[in-house]
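Peer 1: The structure is given below, and queries will be raised subsequently.
The values are calculated or read from the model by the stated rules, or taken from the named source; none is laboratory data. The shown structure was predicted, so the numbers you read here are calculated from the model rather than taken from an experiment. Quick reminder, even Gly has a Cβ in these numbers, built from the backbone with ideal geometry, and neighbours come from all protein chains shown.
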Amino acid sequence: MRLPLPRGPLSAAVIDVLSGSDPAALPQSPVEPVDALTDDDLQLALWTMYELHYRGFDGVDDCWEWEPRLIQLRNELEAMLLATLRAMVVVPRDGRRVADRLRSLIEADDGPSLSRYMQTRADRSQWLQFVAHRSIYQLKEADPHTWALPRLPVKAKSALLEIQFDEYGDGNPARMHSELFRVVLTELGLRSEHGGYIDVVPGITLAITNVMSMFGLHRALRGALVGHLAAYEMTSSEPCRRYAKGLRRLGASDAACAFYDVHVTADALHEQLAAHDLCGGLAEAEPELAEDIIFGAAVCLAIDGLFAAHVLDSWAAGGSSLRTADDSLLAVS
Amino acid sequence: MTSPELGGARITVYPDGPLVVRGEFVLDDLDKGQLPTARVIALCRCGRSATKPLCDGSHKITRSPRAVPRDAAPERA
């Protein structure tokens, strides 16, 4: 993957260092943006540093992953992001089982429905935009949550593995969910390489994947990580059925719809495993993590709601949900 | 306790949810024959699934105001 284009001083500094500049030039004590969650520059700086922990960048030395000055900057930006999330998402404590609390949280969520729009109204251009947004995470689907594995007690670890086996195709690379998503991109005529649309997605899209990476790379946030996964799985089956209908409405093949089709039944199973065995198992073994599990789930729902609102509002205003409309593959007609 | 013994299968009842089957099993349909399955499956227990015999999460529609069609349901994928 190539390095992204900078969007401001933070991301420019990170990208410059990875391109060969002196890391001494990295900003010290950067100024906190108005909204760390949606700030393009902060989110792109974080995303770029996080990618060093996944597949890296073409021509960039792998050793940058643990460069102390980059890690220091990452810590400072993460502190801003985490403080924003803690202030945004406040869930009252209660003594019920974690699985029951997760279900209540999801039932109470009133974010806008993007899947209903995609099913019944979205035109081809809007579908292309939607898929470009989703490619940022979906092409590495499940990877951030895999960071939790060595940090979990036995029952929770076993449950996470049951979920991840499915996510990674159960031994068949072609059935890996990220690969099924690649088929969607290809059939729609879009680029299918990881990060292919990094320069056109807004900060909130980057935040979706950055939050998972932040939860995943900090053992201290393992509760939030599994809570995030539970909320993700618990809000997937029904929307995926709608997405599949929307794609078929545009004439997509069964092969392209497979990504959404498999999630209908897979995530109906995963939501049970995630809520009861993974989150329940972790809370049973480490009760002090219960509030963080709920926090992670609430963060997932909140960010998803902000993303959906951004996309739907952009379209309602007659514009593009992406940062630029000059990508010929994504042109708004 | 969630893992079946070697060579057997374990069926777990999830509260207000499906039956989850793990271990060594086959899923037969008298009309269609043996159905391909994943290693672990969730069987519909409420009768509302559109993917029977597998669960598709539709049981929530019977008990949750969230699942009533409206433009305000949470989201995924």
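Peer 1: Residues of the stretch A:202-260 being under 20 Å from residue A:127 (Cβ atoms), buried (at least 24 other Cβ atoms within 10 Å of the Cβ) and of a type outside the set (S, T, N, Q), which ones?
Peer 2: Once the filter is applied, which keeps residues that are under 20 Å from residue A:127 (Cβ atoms), buried (at least 24 other Cβ atoms within 10 Å of the Cβ) and of a type outside the set (S, T, N, Q), the stretch A:202-260 yields A:238, A:239, A:240, A:243, A:244, A:247, A:259, A:260.
Peer 1: If you check residue A:215 against the conditions, is it in contact with a helix residue (DSSP H, G or I) (Cβ under 7 Å, 6 or more places away or on another chain) and within 13 Å of chain B (Cβ to nearest Cβ)?
Peer 2: no
Peer 1: Search the stretch A:7-24 for residues that are of a type in the set (D, E, K, R) and pair each with any residue that is crowded, with 22+ Cβ neighbours inside 10 Å when their beta-carbon atoms are under 8 Å apart and the residues are at least 6 apart or on different chains.
Peer 2: Final answer for the pair search is A:7/A:44.
Peer 1: Would you check which residues across the stretch A:44-71 are part of a helix (DSSP H, G or I), without any contact (Cβ under 8 Å) to a residue 40 or more places away in the chain and surrounded by fewer than 21 Cβ atoms within 10 Å (Cβ to Cβ) and list them?
Peer 2: Correct list: A:62, A:63, A:65, A:66, A:68, A:71.
Peer 1: Additional query: Write out, first by first residue and then by second, each pair whose Cβ atoms fall under 7 Å of each other, whose residues are 6+ apart or on separate chains, and whose first residue, in the stretch A:193-207, is in the same structural domain as residue A:322 (by TED's automatic domain parsing) and touching a residue at least 40 places away in the same chain (Cβ under 8 Å) while the second is part of a helix (DSSP H, G or I) and of a type in the set (Val, Ile, Thr).
Peer 2: Partner pairs satisfying both residue conditions: A:197/A:136; A:198/A:136; A:201/A:136; A:205/A:136; A:206/A:136; A:207/A:303.
Peer 1: Can you report the number of residues in the stretch A:1-25 which are of a type in the set (Asp, Glu) and assigned to a loop (DSSP other than H, G, I, E, B)? Lay out the reasoning, then the answer.
Peer 2: The first filter runs over the stretch A:1-25 and keeps only residues of a type in the set (Asp, Glu), leaving A:16, A:22.
Next cut, assigned to a loop (DSSP other than H, G, I, E, B) only: A:22.
Here the count works out to 1.
Peer 1: Residues that are among the hydroxyl-bearing types (Ser, Thr, Tyr), within 11 Å of chain B (Cβ to nearest Cβ) and surrounded by 22 or more Cβ atoms within 10 Å (Cβ to Cβ): does the stretch A:101-112 have at least one?
Peer 2: No - not one qualifying residue is present in the stretch A:101-112.
Peer 1: Out of curiosity, is residue A:304 modelled with pLDDT of 95 or more, part of a helix (DSSP H, G or I) and over 16 Å from residue A:137 (Cβ atoms)?
Peer 2: So residue A:304 fails the test.
Peer 1: In the stretch A:268-283, what residues are touching a Lys or Arg at 6+ places or on another chain (Cβ under 8 Å) and facing another protein chain (nearest Cβ under 7 Å)?
Peer 2: Once the filter is applied, which keeps residues that are touching a Lys or Arg at 6+ places or on another chain (Cβ under 8 Å) and facing another protein chain (nearest Cβ under 7 Å), the stretch A:268-283 yields only A:277.
Peer 1: Does residue A:296 meet the test of being on the phi > 0 side of the Ramachandran plot and assigned by TED's automatic domain parsing to the domain that holds residue A:127?
Peer 2: So residue A:296 does not fit the description; no.
Peer 1: Which pairs do you get when a residue that is free of Cβ contacts under 8 Å to residues at least 12 places away in the same chain and within 14 Å of chain B (Cβ to nearest Cβ), found in the stretch A:305-324, comes within reach of a residue that is among the charged types (D, E, K, R) and surrounded by 19 or more Cβ atoms within 10 Å (Cβ to Cβ), reach meaning Cβ atoms under 8 angstrom, with the pair 6+ apart or on two chains?
Peer 2: Note: no pairs meet the criteria.
Peer 1: Another question, if that's okay. When the stretch A:187-201 is examined, which residues are found to be small (Gly, Ala, Ser) and either surrounded by 23 or more Cβ atoms within 10 Å (Cβ to Cβ) or at positive phi (or both)?
Peer 2: A:189, A:195
Peer 1: Take the residues of the stretch B:28-47 that are within 12 Å of chain A (Cβ to nearest Cβ) and of a type in the set (A, V, I, L, M, F, W, C): which is surrounded by the fewest Cβ atoms within 10 Å (Cβ to Cβ)?
Peer 2: We begin by selecting, within the stretch B:28-47, every residue within 12 Å of chain A (Cβ to nearest Cβ); these are B:35-46.
Then keep just the ones that are of a type in the set (A, V, I, L, M, F, W, C); that gives B:35, B:38, B:40-44, B:46.
Details: B:35: 12, B:38: 17, B:40: 24, B:41: 21, B:42: 29, B:43: 16, B:44: 22, B:46: 15.
Result: B:35.
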